[in-house]
RNA sequence: GGCCCCAUCGUCUAGUCAGGCCUAGGACACUGGAUUUUCAUUCCAGCAACGGGGGUUCGAAUCCCCCUGGGGUCACCA
């Protein structure tokens, strides 16, 4: 029975790279009909678990990655919090001490650090002095009785060569003679990562340790620990890390500030800036940056879109398959096909996967997704049936323009009051204010609209065509201007469909308002800039 | 610096283990065109890569060596 685990430390956020690692662990377990364990590495974390853990579990739940054992669900190998497993680590340390595979090191930390620096300066590898190993049993007992502080170090068998057959990297070997004796228990007796991980993975019967590449250098120590404790050594698979766009550097929370200015990340940050503030979130919160899973949820991505992007970072099914549902991933995932090189996270490609999965949604699914965002932005009054019923038609009208659910907010002209339309200033100037005939044309068109019946798209379309013909103008002279007046925007979905949706009353009211606005602007500007007049060709 | 890992279009990748089917395939991005009376879609076309040098071989992206470049890690963090 295959068992994999993901062991996050509670940090209060779920990193996109960590999520990819978790996805691969999960897929491997599911693919093999095994178990996926979630374990919380909260050794020595002073953080508040109650605040720091939920965001991580939420990320898993949102993406639909369930766990067979771990927080909330328990399991036969618990507890699943390292902070509750202290006894087991103490027992392991005791066992190593008694079998002579570890020793108490009384050397002051400063002294050890000094030796390390000296070795570094002399450009030679540093290994432990092992001075404390010279101590007689009596001396040790005396020091213990005197309460002298000490750590416990694992005694590296220096004659060994450690070799592992990594499932993605193949054979990797290390010379143990070059390895310092790692501390496995602090002065206060608490365990360190390498020890705790080995004890947990072994006791939880983890068969495949799938983790990010940065752990590769921990592997030899851990292998030696497995052996010293008499545990079977699991299989290892070290995944290449997720790199920042167009780079080979690890995607990092610390670099968020720099990412903000990068062109590769621009679309994502723009999306965040457009959606997050309007739905009660703070876009400057690092926990809601494109490096974190929560960002994608709160901006309106689909789990399928993010998942698809993540799985293709370092893995491919064959030479052509790009789009995979979670079920298809489960059916076809294999560690054999994980690549070795770091993969740069590509926002453009992510957007493309997202668009693909969005297009496969049913109308109802799209509507309910958008409703959440309209509600969160306060644009939807559930009591106003007329507005509520408008969501469906708007969503349909928007079509492919709706890439993420948050995009619905950029069509807010269909949900705001007629006197709350905000205008794209540049477009308003260019299409309505600057052209000499624009205002007169619009005024004349308004009269036709008043009489237009029925007020539906085909009729409006004919009306516009006739209007254009009669006035001997081009479509581009009137359509863009009309659009700006009605929606405030320079472009958007089909104009007459939009008008029909808005309804006659709204159209007329908005037209009036815009016309009044244009006139007062023209009156204000003593030197009208005619050169800016549109050679409208829309 | 020590140790370890990695190296195909701008990006994600196929091809490498079992050398010839590779004048290196797909996708995203980009560019041009068609459709759409705007935008978005859709369709067609184009651009574009085996880091360098030595071997081995009839033949190398694929095997070997060296170099270069990039990265990770070196805690009483995880």
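The values are calculated or read from the model by the stated rules, or taken from the named source; none is laboratory data. All values derive from a computational prediction rather than experimental measurement. So basically every Cβ, Gly included, is an ideal-geometry build from the backbone, and we count neighbours across all protein chains shown.
May I ask you to say which residue of A:102, A:109, A:92 is more than 22 Å from residue A:201 (Cβ to Cβ) and either surrounded by 14 or more Cβ atoms within 10 Å (Cβ to Cβ) or at pLDDT below 95 (or both)? Just a single option satisfies the conditions, and that option is A:109. Residue A:163 satisfies every condition listed in (1) more than 7 Å from RNA strand B (Cβ to nearest atom); (2) surrounded by 15 or more Cβ atoms within 10 Å (Cβ to Cβ); (3) in a strand (DSSP E or B) except (2). Scanning the range A:442-466 for residues that are within 11 Å of RNA strand B (Cβ to nearest atom), under 48 Å from the mean Cα position of the chain (by Cα) and over 13 Å from residue A:507 (Cβ atoms) turns up A:461, A:462, A:465.
One line per residue, one yes/no per condition, for (1) under 30 Å from the mean Cα position of the chain (by Cα); (2) closer than 20 Å to residue A:37 by Cα:
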{"site": "A:187", "(1), (2)": "no, no"}
{"site": "A:190", "(1), (2)": "no, no"}
{"site": "A:194", "(1), (2)": "yes, yes"}
{"site": "A:200", "(1), (2)": "yes, yes"}
{"site": "A:211", "(1), (2)": "yes, yes"}
{"site": "A:217", "(1), (2)": "yes, no"}
{"site": "A:231", "(1), (2)": "no, yes"}
{"site": "A:237", "(1), (2)": "yes, yes"}
{"site": "A:241", "(1), (2)": "yes, no"}
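Considering the range A:314-331, and only residues there that are surrounded by fewer than 13 Cβ atoms within 10 Å (Cβ to Cβ) and assigned to a loop (DSSP other than H, G, I, E, B), the residue that is nearest to the chain's Cα centre (by Cα) turns out to be A:322.
Conditions tested, residue by residue: (1) over 29 Å from residue A:227 (Cα atoms); (2) in contact with a helix residue (DSSP H, G or I) (Cβ under 8 Å, 6 or more places away or on another chain).
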site	(1), (2)
A:39	no, yes
A:52	yes, no
A:64	yes, yes
A:70	no, no
A:99	no, yes
A:104	no, yes
A:109	no, no
A:114	yes, no
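Entry remark, the range A:240-295: residues being outside any loop (DSSP other than H, G, I, E, B), buried (at least 18 other Cβ atoms within 10 Å of the Cβ) and within 10 Å of RNA strand B (Cβ to nearest atom) number 2 in total. Please work out which residue is farthest from the chain's Cα centre (by Cα), limiting yourself to the range A:467-477 and to residues that are near RNA strand B (Cβ under 10 Å from one of its atoms) and part of a helix (DSSP H, G or I). Residue satisfying both the conditions and the ranking: A:469. Taken over the range A:410-426, residues that are within 16 Å of RNA strand B (Cβ to nearest atom) and touching a residue at least 60 places away in the same chain (Cβ under 8 Å) amount to 7.
Residues of the range A:323-364 being without any contact (Cβ under 8 Å) to a residue 12 or more places away in the chain and under 25 Å from residue A:292 (Cβ atoms), which ones? A:352 - this is the single residue of the range A:323-364 that is without any contact (Cβ under 8 Å) to a residue 12 or more places away in the chain and under 25 Å from residue A:292 (Cβ atoms).
Look at residue A:202 and say whether it is touching a helix residue (DSSP H, G or I) at 6+ places or on another chain (Cβ under 8 Å), more than 10 Å from RNA strand B (Cβ to nearest atom) and in contact (Cβ under 8 Å) with a residue 24 or more places away in the chain. Please lay out each step first, then the result.
Details: touching a helix residue (DSSP H, G or I) at 6+ places or on another chain (Cβ under 8 Å): yes; more than 10 Å from RNA strand B (Cβ to nearest atom): yes; in contact (Cβ under 8 Å) with a residue 24 or more places away in the chain: yes.
Yes; evaluated as a whole, the condition is true for this residue.
Which residues, counting only those in the range A:112-127, are touching a residue at least 12 places away in the same chain (Cβ under 8 Å) and more than 9 Å from RNA strand B (Cβ to nearest atom)? Answer for the range A:112-127, where residues must be touching a residue at least 12 places away in the same chain (Cβ under 8 Å) and more than 9 Å from RNA strand B (Cβ to nearest atom): A:115, A:127.
Residue under question is residue A:494, and the condition is that it be more than 21 Å from residue A:516 (Cα to Cα), in the same structural domain as residue A:516 (by TED's automatic domain parsing), surrounded by fewer than 17 Cβ atoms within 10 Å (Cβ to Cβ) and within 15 Å of RNA strand B (Cβ to nearest atom); does it hold?
Numbers: more than 21 Å from residue A:516 (Cα to Cα): yes; in the same structural domain as residue A:516 (by TED's automatic domain parsing): yes; surrounded by fewer than 17 Cβ atoms within 10 Å (Cβ to Cβ): yes; within 15 Å of RNA strand B (Cβ to nearest atom): yes.
Criteria met by residue A:494.
Name the residue that is nearest to RNA strand B (Cβ to nearest atom), counting only residues in the range A:205-219 that are under 30 Å from residue A:346 (Cα atoms) and in contact (Cβ under 8 Å) with a residue 60 or more places away in the chain. I'd like the intermediate steps shown before the answer.
Going through the range A:205-219, the residues under 30 Å from residue A:346 (Cα atoms) turn out to be A:208-219.
Imposing the further condition that a residue be in contact (Cβ under 8 Å) with a residue 60 or more places away in the chain reduces the set to A:208-213.
Numbers: A:208: 18, A:209: 13, A:210: 15, A:211: 9, A:212: 8, A:213: 6 Å.
That would be A:213.
Among the residues of the range A:297-313, write down those that are over 12 Å from residue A:347 (Cα atoms) and assigned to a loop (DSSP other than H, G, I, E, B). Scanning the range A:297-313 gives A:300, A:301, A:302, A:312.
Return yes or no: is residue A:375 surrounded by fewer than 20 Cβ atoms within 10 Å (Cβ to Cβ) and in the same structural domain as residue A:279 (by TED's automatic domain parsing)?
Values: surrounded by fewer than 20 Cβ atoms within 10 Å (Cβ to Cβ): yes; in the same structural domain as residue A:279 (by TED's automatic domain parsing): no.
Judged against the criteria, residue A:375 is not a match.
Which residues, taken from the range A:410-426, are surrounded by 20 or more Cβ atoms within 10 Å (Cβ to Cβ) and in a helix (DSSP H, G or I)? A:411, A:413, A:414, listed by residue number. Highlighted here are the helices (runs of 4 or more DSSP H) found entirely within the range A:332-395 that include at least 1 residues which are at pLDDT 95 or above and within 16 Å of RNA strand B (Cβ to nearest atom): A:347-359, A:363-376.
Yes or no: the range A:298-313 includes at least one residue that is more than 19 Å from residue A:352 (Cβ to Cβ) and surrounded by 19 or more Cβ atoms within 10 Å (Cβ to Cβ). Don't jump to the end; show me each part of the working.
Taking the range A:298-313 first, the residues more than 19 Å from residue A:352 (Cβ to Cβ) are A:298.
Okay, now just the ones that are also surrounded by 19 or more Cβ atoms within 10 Å (Cβ to Cβ), so A:298.
Yes.
Determine if the range A:2-22 includes at least one residue that is farther than 29 Å from residue A:184 by Cα and out of contact with any strand residue (DSSP E or B) (no Cβ under 7 Å at 6 or more places or on another chain). No, the range A:2-22 contains no residue that is farther than 29 Å from residue A:184 by Cα and out of contact with any strand residue (DSSP E or B) (no Cβ under 7 Å at 6 or more places or on another chain).
In the condition set (1) within 16 Å of RNA strand B (Cβ to nearest atom); (2) over 30 Å from residue A:329 (Cα atoms), residue A:51 is compliant with all but (1).
Scanning the range A:166-185 for residues that are surrounded by fewer than 17 Cβ atoms within 10 Å (Cβ to Cβ), near RNA strand B (Cβ under 8 Å from one of its atoms) and over 24 Å from residue A:314 (Cβ atoms) gives A:175, A:178. Looking at the range A:220-236, is at least one residue within 13 Å of RNA strand B (Cβ to nearest atom), under 19 Å from residue A:199 (Cα atoms), free of Cβ contacts under 8 Å to residues at least 12 places away in the same chain and touching a strand residue (DSSP E or B) at 6+ places or on another chain (Cβ under 9 Å)? Checked against the condition, which is being within 13 Å of RNA strand B (Cβ to nearest atom), under 19 Å from residue A:199 (Cα atoms), free of Cβ contacts under 8 Å to residues at least 12 places away in the same chain and touching a strand residue (DSSP E or B) at 6+ places or on another chain (Cβ under 9 Å), the range A:220-236 yields no hits at all.
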